[in-house]
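Accompanying notes for the structure given below.
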Amino acid sequence: MSETPMPGMAKPATPTPLLGPSVVVPGGVVVAPAVAAVAAATVPAATVNAAAAAASLASANPNGGSSTSVAAAASQAEPDMKGWLLKWTNYLKGYQKRWFVLSKGVLSYYRAEHGAGSYAGGRSAAGKLSIRRRRKGPRPESKGTMMQCLRAPRSPTRLVVPTSSLPDSNSLSSNNALMKKHSKKLKKNQAEMAHTCRGTISLHGALIHTVDSCTFVISNGGTQTFHIKAANEVERQSWVTALELAKAKAIRAMESDEEEEDNTANTIPSEELNLVVRELTVRLENLKTCYDLITKHGAALQRALSELETGDDLANKTKIVSERATLFRISSNAMINACSDYLQTAQTQGHKWSKMLQHERDQKLHLEEMVEQLARQHSHLEQAATRHRPNAATSASDDEDNEFYDAQEEGGSVTQEDSSFILNIPVTTHHNHRRNSNDATGSSSEGEDGNSETQQVLVVAENLDNMDVTDRISVHSSQALTPTLANQSKVVRKRRTRVPDKPNYPLNLWSIIKNCIGKDLSKIPMPVNFNEPLSMLQRLTEDFEYSEILDKAAQAKDTCEQLAYVTAFTVSSYSTTSNRTGKPFNPLLGETYECDRTDDLGWRCINEQVSHHPPMAAQYCEGRGWRCWQEFTMTSKFRGKYIQIVPLGYAHVEFPATGNRYTWRKVTTTVHNIIVGKLWVDNHGDMEIFGERNAKGVKCHLKYLPYSYFTRDTQRRVKGVVMDSSNQVKWVVNGTWDSKIEIAPVTSTSGSTENPVYKTGNYKTAWTRRMPPPDSDRYYNFTLLACQLNEPEPGVAPTDSRLRPDQRLMEDGKWNESNQEKLRLEEGQRARRRQREAEAETAAAEGRPYPPYEPIWFGKEKEEGTDNLVHVYNGTYWDAKAKGDWSKCSTIF
């Protein structure tokens, strides 16, 4: 039998018998001379190494697997924690038994009848495979040998071939059948586990609450919520501790991944690229050579088997078949190891290249979108220039067909045409909306289907010319008196009316934001050039600029009319966004802000940053006959040409005199023209305001129309209806979120049940915007209240936003110093977080619980009607201020 040498190898000068006694070759390795010659003639040094390794694996496991390697792989996939827990599903099924797995910062759960068995079975099968070899018949004599290759070091090449017995065909086939059976079972279990996962939640931005001795809640800010119950308090604490540690590790891993992405976004040097290509080429050539050997030895083995069926001298032909099978196994295992080497090399570089490719694809898409937007704006500007040509007054009919709406145009009053409109209202709405809204926006609760059916209603206004002027005047007069209350005998503190002018600092915008695309704004260290000298806590306080609307609502006798005024109040909070595009400062964990305006505006407010991951603020405000509170968090993404902010959490207002309470969630805000053009803001989406307690069943459906260049409707328009507990429309809300809101009662109903028509009485103005001073563009477009929010005030807590140094420096025009202070404060916050994580890990290692961060002025309580834990004001701040006792406050500035 002649063998063709591989490239770089010489063929032996003289043939060597196929079988013979073992001999010692240089290096002290015992080999069979015939096999050593064949291996040297047919396989290069590196391939012989691979063949020896693969043959040793095949010897240990007929399926080609290794118990040690499989166990190592299983240990790497071992989860941080797993076990049975009870999970809340819905009101029909209650708590159901589920198998939970915590691994790599993600908590997953599986169904009881499949998830646990799949996971346990898969792990045990993959973790330990031990099959006893069985023999049938007598042991073959030693002259019928089967070469067994043991793993050897990569260099130098060592091949051990002892003379041993060849197992019979029955034994091999039995072992192969057993291994195939276990392999199929393993794959089946792994597939079942993958397909029976019922839900996951990422812990890097999740909140973990303890409800009672056995129950805890995991939420990522409102989009996903798991309500879980353990068997006892010890098990619950073990899970909470493991989840807190996994959350800390996930946050660190996310930050390191972002750094890695920034590093891998650079171009790979050409020399490194050439080396990788050259290495892959060499390994590919080895694969081709191994393929040729497999083809050649496979054909020879088939011929030997065919000759074995016919003819005499069975013993000699059996020897030939054994040697042919040995050569075929060596070639096959060499092929397997060469494939593994090639795959390992490709995967090592493939991860980096895939990230680079995805980065370039994202950049290409964003550039295409920007070019498309520029082209669209250019077309609109041409149309606008044509519409405003000098002879436009004589061609009004032509202009109507090409009407163009400027993005910065202020919303006008509601016209006769705008007072009649069509609105789609959801058919059914559950009173326990907070539970359902969590589920609808991403909760994993099972068995709950959302209802997307809507009812179309037509609102028609009549007697519009006989507007209730008296009510209009009363509303305007109350607005004029409320900000100052100058006619009262009580001395009112004199406050400032403006802030220092905004300095003109040049800024290379693209150099800052090009690496921020697709990331969360709360995790990007932005310079103060994008900010305004107010924190998010102060910006939330601006919601009460038009608190006189709530004063008016507190005096209303009719519940539906009261809700109409509350609706106008919710719209008024967006009025400043029409020309305010600065980003407020992200509060530090534990930062607070108080605003006591009882002497002039009749309300006082306290805010606190209660969570850092995810960022969350809690607020409580009390005024004349009402109190309002909210837990505010949001998700924000930078998409290249716009920023989209989606608020999470709910706001509440309650009127103690009547026991009426109303709840709502804010709509989406989008900031356009981030790269090119003038910044402008749009608010859009649907808002549902629900009545609770004594107002249960009353609700308002409000729609914020998105801005569109191609509509004849009033821009920034808001329209909605107020319905009683029997879903009958009683009041209509109409207007714009940047100008005013008008409300009108429904006087009559006609039309069919599916498409009713509601006729309204006279409209009255519930809210009118107070425009900022003419020169406000010089100081961040602040309103009068916004200018007073950051005014220094004595006696506030040491964690108050007024005392934040970077914010104060920015207001004073020292932006470079402000940037330095901002970096110092953020690094200090990271250091405190790392310290808490280290303390938590130490406590976990010692087996004792570690208490999570607790706010000072707010505490977690179960929300009424749900199992959600929310931050509620504990009523101690104003007492502490009266005593001057700030001992609970930590040093954060």
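At a glance:
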{"item": "Accessible heavy-atom area order of 717, 303, highest first, probe of 1.4 Å", "result": "303, 717"}
{"item": "Solvent-accessible surface (1.4 angstrom probe) belonging to residue 699, in square angstrom, nearest 10", "result": "20 Å²"}
{"item": "Per-selection metrics, the stretch 700-832 (Cα): Rg and Dmax in Å", "result": "23.5, 67"}
{"item": "5 angstrom amide H check on residue 668, placed H, neighbours 5+ away", "result": "684"}
{"item": "Pairs beyond 23 Å (Cα-Cα), from 703/759; 699/764; 557/730; 641/822", "result": "641/822"}
{"item": "Residue-level accessible surface for residue 700, protein heavy atoms, 1.4 Å, Å²", "result": "0 Å²"}
{"item": "Unsatisfied cross-links (Cα-Cα over 22 Å) in the set 583/860; 229/862; 814/888", "result": "583/860; 814/888"}
{"item": "Links that overshoot a 28 Å alpha carbon limit, given the list 696/881; 494/881; 104/355", "result": "696/881"}
{"item": "Area accessible to solvent at residue 814, 1.4 Å probe radius, in Å²", "result": "100 Å²"}
{"item": "Rough spin-label spacing in nm, given labels placed 7 Å along Cα→Cβ, for residue 874 and residue 770", "result": "3.5 nm"}
{"item": "In Hz, Karplus ³J(HN,Hα) per residue of the stretch 493-502 (6.51, -1.76, 1.60; θ = phi - 60°; x = Gly, Pro)", "result": "5, 7, 10, 6, 10, 7, 10, x, 5, 6"}
{"item": "Accessible-area order (highest first, 1.4 angstrom probe) of the listed residues 549, 675", "result": "675, 549"}
{"item": "Solvent-accessible surface ranking, highest first, for 281, 768 at 1.4 angstrom", "result": "281, 768"}
{"item": "4 °C / 1.567 mPa s Stokes-Einstein diffusion coefficient of the stretch 614-742, Kirkwood radius on C-alpha pairs, µm²/s", "result": "78 µm²/s"}
{"item": "The stretch 764-893: equivalent-ellipsoid semi-axes (sqrt of 5 x gyration tensor eigenvalues, Cα, Å)", "result": "35, 24, 16"}
{"item": "Projected area, mean over directions - the stretch 529-599, Cα convex hull, nm²", "result": "6.4 nm²"}
{"item": "The stretch 555-675, Cα convex hull volume normalised per residue, Å³", "result": "127 Å³"}
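The values are calculated or read from the model by the stated rules, or taken from the named source; none is laboratory data. All values derive from a computational prediction rather than experimental measurement. A quick note on method: Cβ atoms are made from the backbone with ideal geometry, for glycine too, and the neighbour counts reach across all protein chains shown. Side chains included, ligands, DNA and RNA excluded: accessible areas come from the protein's heavy atoms. Shrake-Rupley method; radii C 1.70, N 1.55, O 1.52, S 1.80 Å.
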